[in-house]
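Asker: Take this structure, written in structure tokens, and hold onto it; I'll ask about it next.
The values are calculated or read from the model by the stated rules, or taken from the named source; none is laboratory data. Keep in mind that this is a model prediction, so the values were computed, not measured. Reconstructed Cβ throughout: ideal geometry from the backbone, glycine too, with neighbour counts over all protein chains shown.
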Amino acid sequence: VQGLLERGPLAGLRVLVTAGPTREAIDPVRYISNRSSGRMGYAVAQACREAGAEVVLVSGPTALAPPPGVRLVRVESAAEMLAAVEAEVDACAIFIAAAAVADYRPAETAPAKIKKRAQRLGLELVRNPDILATVARRRPRPFVVGFAAETEAVEANARAKLAAKGLDLVAANRVGPGIGFDREDNELTLIWEDGAEPLGRASKLELARRLVARIAERHGARDP
Ligand code: CTP
Ligand code: CA
């Protein structure tokens, strides 16, 4: 196995992958989160390892075991995920953001459990840092890959994210009833600056392998 990994297309490279949802605490027993299972990100981490990379997987809470040979860093909130990524990213040639990071967190986390009193309760939210955009702004920076979870206008929305965040690649992901979150299969389209490339509909692991093969080709062809 070692010999095979040493000859893989990502041999000798370290890859940083984010995966899973984040949890944003409302009080000590409650949080805001989303339906991400972490499966796509864990499949990407596995595919990178199979391709010979040294893999660091920064993961929000999931029910999944880390793929063999992958170093797992567990986090809970978006702020913790950003800190973990910033501690690892300088040593990485490729960054792949598959996490479903909560876009907002409660403006304040109550120090004690909130008791029910009034009939209505407002919750003020503030924006979380964009981990992917933060990495893409670094100089020097790794080869930067984002995901885009979209329910409509998948390619147009994904291309807007590629441009706005200055990414090398966006893997556009159709989500909604029957596809995407919390499912074994998925459908991906790669959005490059110079075109779109459908990867089809398949299991998350199969799609991750196709995605990683294309990342390895483009990363290898990049100017040093
Ligand atoms: N992402 C991130 N940090 C955030 C939000 C998103 O790193 N705070 C990353 C995700 O991991 C994904 C990409 O950004 O790779 C796109 O996430 P997505 O939720 O599709 O897009 P957003 O930029 O958050 O925009 P919106 O949710 O409004 O569509
Ligand atoms: Ca988002």
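Asker: So GLU24 ticks every box in (1) in contact with a strand residue (DSSP E or B) (Cβ under 6 Å, 6 or more places away or on another chain); (2) surrounded by fewer than 16 Cβ atoms within 10 Å (Cβ to Cβ); (3) acidic (Asp, Glu) but one. Which box is left unticked?
Answerer: Of the numbered conditions (1) in contact with a strand residue (DSSP E or B) (Cβ under 6 Å, 6 or more places away or on another chain); (2) surrounded by fewer than 16 Cβ atoms within 10 Å (Cβ to Cβ); (3) acidic (Asp, Glu), the odd one out for GLU24 is (2).
Asker: Right, something else. Suppose we filter ALA11, ALA83, ALA53, ALA100 for residues that are over 28 Å from ASN186 (Cβ atoms) and hydrophobic (A, V, I, L, M, F, W, C); which single one remains?
Answerer: Going through ALA11, ALA83, ALA53, ALA100 in turn, the sole match is ALA83.
Asker: Pick from VAL126, VAL44, VAL29: which is among the hydrophobic types (A, V, I, L, M, F, W, C) and surrounded by 16 or more Cβ atoms within 10 Å (Cβ to Cβ)?
Answerer: VAL44
Asker: Of the conditions (1) more than 13 Å from ligand 1 (Cβ to nearest atom); (2) surrounded by 14 or more Cβ atoms within 10 Å (Cβ to Cβ); (3) within 24 Å of SER59 (Cα to Cα), GLU184 clears all except one; give me its number.
Answerer: Only one criterion in (1) more than 13 Å from ligand 1 (Cβ to nearest atom); (2) surrounded by 14 or more Cβ atoms within 10 Å (Cβ to Cβ); (3) within 24 Å of SER59 (Cα to Cα) is unmet by GLU184, namely (2).
Asker: Something else: Residues to consider are LEU82, LEU10; find the one that is modelled with pLDDT of 95 or more, more than 16 Å from ligand 2 (Cβ to nearest atom) and in contact with a helix residue (DSSP H, G or I) (Cβ under 9 Å, 6 or more places away or on another chain).
Answerer: Exactly one residue qualifies, and that residue is LEU10.
Asker: Considering only residues that are within 15 Å of ligand 2 (Cβ to nearest atom) and assigned to a strand (DSSP E or B), which ones fall in the stretch 136-158?
Answerer: Once the filter is applied, which keeps residues that are within 15 Å of ligand 2 (Cβ to nearest atom) and assigned to a strand (DSSP E or B), the stretch 136-158 yields GLY146, PHE147, ALA148, ALA149, GLU150.
Asker: Here is a further query. Hey, among ARG222, ARG214, which residue is surrounded by 12 or more Cβ atoms within 10 Å (Cβ to Cβ), basic (Lys, Arg) and more than 15 Å from the chain's Cα centre (by Cα)?
Answerer: Values: ARG222 fails: surrounded by 12 or more Cβ atoms within 10 Å (Cβ to Cβ).
Checking each option against the conditions leaves just ARG214.
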